[in-house]
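Worksheet: the structure to be examined is printed underneath.
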Amino acid sequence: MTTVLLDTNAYLRLAKRIRPMLGVPFGPKKYTLAVLGDVEAEVHRNAALQFKFPWFDEQVLVEERLAARIRLTAEDKLSIDVAAGVLRDAVLADPLRYMQGSGSPPSPVDCRVLAHGHVRDCIVTTDDLGMHLLAAEFGIRVWHGFEPLKALLNAKAITTPMVKEIYDALEANGDLPATWRKARHVKFSRVFGRSP
Amino acid sequence: MVRILRVEAITQRLQDRGWTQAQLAGAVGVSNQTVTNWLAGSFPRPRALLKLAVTLGLPIDKLVETRDVAEPVVAFRKKAGTRTTDQHINKARGIGYLLKPLVSMLPETRQLRTLITSPSCDYGQLRKAVEQTRSELGIGQHAVLSYNHLIGQFKKNAAILVPVLWGDKGNHENALHIRLPDEDVTFVFLNLDVKIEDFKFWMAHELAHVYTPELAGTEQGEDFADAFAGALLFPHECAEAAYREACGQSKSAMISVLSRYAHEHEVSLNTVYQQVKRFADQAGAQRLAIDDKTIHRVRNSVRAQTVSEALFDPLPPEASNYISAASSVFLSDFFVALGRMVKERGVGAGYIQQVLDVPLKDSMSIHGALVV
């Protein structure tokens, strides 16, 4: 089984339409999507996110997140603290490196998510390009937000209309990342056709 | 920047665990020779460094020593009842590191800085320092020190004011001072969601830090900054006049006298009261027959307006209004530099969120206003 850890934005981009989503193995590699408890805290302390994603607190989703939450041992927690410190130190040593093309230096929370990926050997899914750069530097496996969608489609765990629906909704909300846009006619050519 | 492994910490940890170098190499997934090289002075690549830290359970500051880079120096003006933890200090230092790239975007500053070379809380020495500062500002000891005087001093000393809206509760600090020694620049974050009557004192407190960079971040620096702020805003001569006028009057008349002075000087009743008390002690005179509790009760009996309420209507302000106020009221180059970073380097809202310590929504509004 390979755990795919979704960061808050990646989760919010998929969770409304793919149900059930977390904790259900799919595909030959038995990918299993998961989130951290931090997602809960991040949405609940941000009024804008709560307003934009009112479905977040639906009982069924709350229970799904709780059931699929990654459980950590005391040793894991210590290792994650250490790993997050190393990653944040690298960011602060050269923040400009992460600020190209609308990028931002990965925040302490971002570093913790990547640290989870390293310690628990899972794939971190994020659309934050600064996090991708940092992950590449430290050899942490990382996916763009559209990649679990592609894996779900390949495994026939979702249908092509669902992919289209998700893309349309993100586009309508002005929330379609550039990487998703680029992937539309390359990774999802069966859904959207090849580039015109 | 030179980074070296703390070999002693590594060997100590190996000893504690009864591990050989070969076992460490196996656990990290490198050759024995690589570990030998590390212990002889070479520095690991990022992914090996991460594995080494996690394998040994050594936090980065215990594992790596950084040379040739001065750490940002931070000082807080804490809210009442809060305690400063390592987390607060690390967070503030993190902001300091993130501010480093912004410095090259600031206008060149080559002004003659003011320094207080022998800072002391001794009444007589403080009085001299205040006389000198007021003389440089071209105002006498009885004159009201205006906000413009203070703001001008920050500008002259290359201290960048960063007005922020951190709310009246929640955050640990109401002001944050971050000095970057390598860049010789100081950033002073001031929370505008505070009572106007306290704000001038905090600005003067922060100015004291700017005048005494070598004390920044120390207890001694905090004590001096408090003492200097009170004496600068309400000097010996004012305290003496207030004392003589209030002396011998009824308690309520005394409070009226002190309140009038506080109002005239745009400072809190407590600032006037404390300065008068210091004057009396130094002169060997009897203190006014009022106690601290009474002063705080009088202060708290009226709901004071905040700086943000005075500046913005409605609250919270539009991002563009907030940015304009930073430039026009506080003469701050902060958002000018930030705007350049956004436009020239394509920096995103996440950077703004981290350096201003504001919610993502607010940082996105500010980013949107700076892009235009």
Handout entry: Efficiency of FRET from Cβ geometry, B:Ser250 and A:Asp168, R₀ 60 Å, rounded to 0.05
Key = 0.20
Practice task
Partner chain Cβ atoms within 10 Å, averaged over the residues of B:202-209 - can you pull that number for me?
Solution key: 0
Problem - Ranking of A:Met99, A:Met162 by count of other Cβ atoms within 10 Å, fewest first - result: A:Met162, A:Met99
Fill in the blank from the handout: With R₀ set to 45 angstrom, the calculated FRET efficiency between the beta-carbons of B:Gln132 and A:Asn46, to the nearest 0.05, is 0.40
Fill in the blank from the handout: If each part is reduced to its alpha-carbon centroid, the stretch B:271-312 and the stretch B:246-262 end up apart, in Å, by 11
Practice task
Give the cross-link partners of B:Lys100 among the lysines, using a straight C-alpha distance below 17 Å as the criterion and excluding same-chain residues fewer than 8 apart.
Solution key: B:Lys91
Completion exercise
The aspartates and glutamates whose Cα lies under 16 Å from the Cα of B:Lys251, excluding any fewer than 8 residues away in the same chain, are B:Asp291, B:Asp292
Completion exercise
Normalised Cα Rg of chain B, dividing by 2.2 N^0.38 Å with N its residue count, works out at 1.21
Problem - Relative exposure of A:Thr179, B:Thr55, A:Thr73, judged by other C-beta atoms within 10 Å (fewest first) - result: A:Thr73, A:Thr179, B:Thr55
Practice task
For B:Arg303 paired with B:Val371, estimate the spin-label separation in nm (one decimal), with each label point 7 Å from Cα along the Cα-to-Cβ line.
Solution key: 3.8
Practice task
Quickly work out the B:Arg83-to-B:Ser31 label distance, labels modelled 7 Å from Cα along the C-beta direction, and quote it in nm with one decimal.
Solution key: 5.1
Problem - Karplus-derived HN-Hα couplings along the stretch B:147-164 (A = 6.51, B = -1.76, C = 1.60, θ = phi - 60°), whole Hz, x at Gly and Pro - result: 4, 4, 4, 5, 4, x, 5, 4, 4, 4, 9, 6, 9, 8, 7, 10, x, 9
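R0 = 51 Å: FRET efficiency of A:Leu66 with B:Thr114, Cβ-based, nearest 0.05?
After rounding, the FRET efficiency stands at 0.30.
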Fill in the blank from the handout: One computes Rg over Rh for the stretch A:15-118 from alpha-carbon atoms, with the Kirkwood Rh, and obtains 1.02
Handout entry: Zero-based 10 Å bins, Cα pair distances in the stretch B:284-369, whole percents
Key = 14, 34, 19, 15, 12, 6, 0
Exercise for the section: Could you check what % of the DSSP bridge pairs in the protein assembly as shown are antiparallel, to the nearest 5? Expected result: 50
Exercise for the section: Return the Cα extents of the protein assembly as shown along principal axes one, two and three, sorted largest first, each rounded to a whole Å. Expected result: 90, 57, 43
Exercise for the section: Find the lysine pairs in chain A meeting two conditions, Cα atoms under 21 Å apart and a separation of 8 or more places or different chains, and report how many there are. Expected result: 18
Practice task
Along each of the three principal axes of the Cα atoms of the stretch B:320-369, give the extent in whole Å, ordering the values from largest to smallest.
Solution key: 26, 23, 16
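Listing A:Asp7, B:Asp198, A:Asp38 from the residue with the fewest other Cβ atoms within 10 Å to the one with the most, what is the order? Present the calculation step by step, with values, prior to reporting the outcome.
Working: A:Asp7 26, B:Asp198 20, A:Asp38 14.
So the residues, fewest neighbours to most, are A:Asp38, B:Asp198, A:Asp7.
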Completion exercise
Under a Gaussian network model of chain B whose springs join Cα atoms within less than 10 Å, the largest fluctuation of B:Ser31, B:Ser252, B:Ser327 belongs to B:Ser31
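Values quoted throughout were computed directly from the atomic coordinates according to the rules given, and no laboratory measurement underlies them. This is a predicted model, so every value here is computed, not measured. Because the Cβ atoms are built from the backbone with ideal geometry, glycine has one as well, and the counts that use them run over all protein chains shown.
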